[in-house]
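The values are calculated or read from the model by the stated rules, or taken from the named source; none is laboratory data. All figures in this text were calculated on a predicted structure; none of them were measured in a lab. Ideal geometry is used to build each Cβ from the backbone, glycine not excepted, and the neighbour counts take in all protein chains shown.
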Amino acid sequence: MVYRMDINGKVALVGGGASGLGAATARMIVSAGGSVVIVDLNEKVGNSLAAELGAAARFVRADVSDPNEVEQAVKAATEAFGALHICVNCAGIGDPQKIIGKDGPADLARFTKVIRVNLIGTFNVARIAAWAIARNESGSDGERGVIINTASVAAFDGQIGQASYSASKGGIVALTLPLARDLAGLGIRVMTIAPGLFDTPLLAALPEDVKVALGSMVPFPKRLGRPAEYAQLARQIIENPMLNGEVIRLDGAIRMAPR
């Protein structure tokens, strides 16, 4: 008999779960029989998604980089559903700027904000979630839960103006193995997904013809990735206990050009 974590009956927390990759993951968790706490700053969209998903979902407004707010979100998950087994970190922002511009050096506050939300926010949610997951009884394979973080192909193929975003996502890549090693003795796995060009709110403002042009850059399939495809991989990671301490590029074989 092959052991796998069954999402049915499990509880997940999804950071940045109100839209895009996070929303698709929240829907996947509930469709598989799990419960989900959606953590996001967008109350309107988050509450709407929770209402759509019904009794198996809750929305908690929280800044992923704020320790107290994340602690309250994790507490809400354990109080509402009795435990926490799965954490998926999808929250992230971008703010492109070159290291020097016409008016001088890059704005350090803008750089710092991207690092704070993307990298520090990911670690903050992971550390607090791990503390809760560690209290679970272990399964037959010794597993207590899984944490999935979200990097980007920009961690490897950073484009012009992407210094802050690439640094933040590269940091998430670098966290993967040490966190997996930290938590291995507790039966908690840590994985990272590095998406390529996906049809998410980060690209939502672009005209449709621009989206099509971006999608045509992907070797195959020649289109933008779909959030449901990210959620599909997240499900496979949750269910396969040998996936641990690794980064998976989900990008249709794209390698980003300088610009």
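Determine, yes or no, whether Ala167 is surrounded by 14 or more Cβ atoms within 10 Å (Cβ to Cβ) and more than 23 Å from Asn42 (Cβ to Cβ). When the stated conditions are applied, Ala167 passes them. Looking at segment 79-91, can you tell me whether even one residue there is closer than 27 Å to Arg235 by Cα, exposed (fewer than 14 other Cβ atoms within 10 Å of the Cβ) and at pLDDT 95 or above? Yes, segment 79-91 contains a residue that is closer than 27 Å to Arg235 by Cα, exposed (fewer than 14 other Cβ atoms within 10 Å of the Cβ) and at pLDDT 95 or above.
Listed by first and then second residue, the pairs with beta-carbon distance under 8 Å, at least 6 apart or on different chains, first residue in segment 59-80 and touching a residue at least 24 places away in the same chain (Cβ under 8 Å) and under 23 Å from Ser168 (Cβ atoms), second part of a helix (DSSP H, G or I) and of a type in the set (Lys, Arg), are Ser65/Arg116. For Ala228, indicate whether it is under 18 Å from the mean Cα position of the chain (by Cα) and not charged (D, E, K, R). Here the answer is yes, as Ala228 does meet what is asked.
Within segment 181-231, the residues that satisfy the criterion of being under 27 Å from Arg135 (Cα atoms), in contact (Cβ under 8 Å) with a residue 60 or more places away in the chain and surrounded by fewer than 19 Cβ atoms within 10 Å (Cβ to Cβ) are Arg181, Ala184.
Within segment 84-126, being aliphatic (A, V, I, L, M) and either on the phi > 0 side of the Ramachandran plot or free of Cβ contacts under 8 Å to residues at least 24 places away in the same chain (or both) holds for Ile100, Leu108, Ala109.
Every residue, every condition in (1) assigned to a helix (DSSP H, G or I); (2) more than 27 Å from Ile115 (Cβ to Cβ); (3) touching a Gly at 6+ places or on another chain (Cβ under 7 Å), yes or no:
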| residue | (1), (2), (3) |
| --- | --- |
| Leu13 | no, no, no |
| Gly22 | yes, no, yes |
| Ile29 | yes, yes, no |
| Val45 | yes, no, no |
| Ser48 | yes, yes, no |
| Phe59 | no, no, yes |
| Ser65 | no, no, yes |
| Ala73 | yes, no, no |
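Whether any residue in segment 86-102 is farther than 25 Å from Leu197 by Cα and acidic (Asp, Glu) is what I want to check. No, the conditions are met nowhere in segment 86-102. The condition of being assigned to a helix (DSSP H, G or I), farther than 21 Å from Ala91 by Cβ and of a type outside the set (Asp, Glu) does not hold for Arg135. All told, Gly17 falls short of being in a helix (DSSP H, G or I), touching a residue at least 24 places away in the same chain (Cβ under 8 Å) and closer than 20 Å to Ile147 by Cβ. Mind counting the residues in segment 176-229 that are touching a helix residue (DSSP H, G or I) at 6+ places or on another chain (Cβ under 8 Å), over 17 Å from Met256 (Cβ atoms) and among the β-branched types (Val, Ile, Thr)? Looking only at that region, the number is 3.
Summed over segment 31-43, the residues that are outside any loop (DSSP other than H, G, I, E, B) and either more than 24 Å from Leu203 (Cβ to Cβ) or under 17 Å from the mean Cα position of the chain (by Cα) (or both) give a count of 7. Screening Cys87 against (1) part of a helix (DSSP H, G or I); (2) under 22 Å from Leu202 (Cβ atoms) leaves a single unmet condition, (1). For segment 150-178, a residue qualifies if it is under 16 Å from Ile93 (Cα atoms) and of a type in the set (Ser, Thr, Tyr), and the qualifying residues are Thr150, Ser152, Ser164, Tyr165, Ser166, Ser168. Test Asn42 against the stated conditions and say whether it is surrounded by fewer than 23 Cβ atoms within 10 Å (Cβ to Cβ) and touching a Ser or Thr at 6+ places or on another chain (Cβ under 8 Å). Judged against the criteria, Asn42 is a match.
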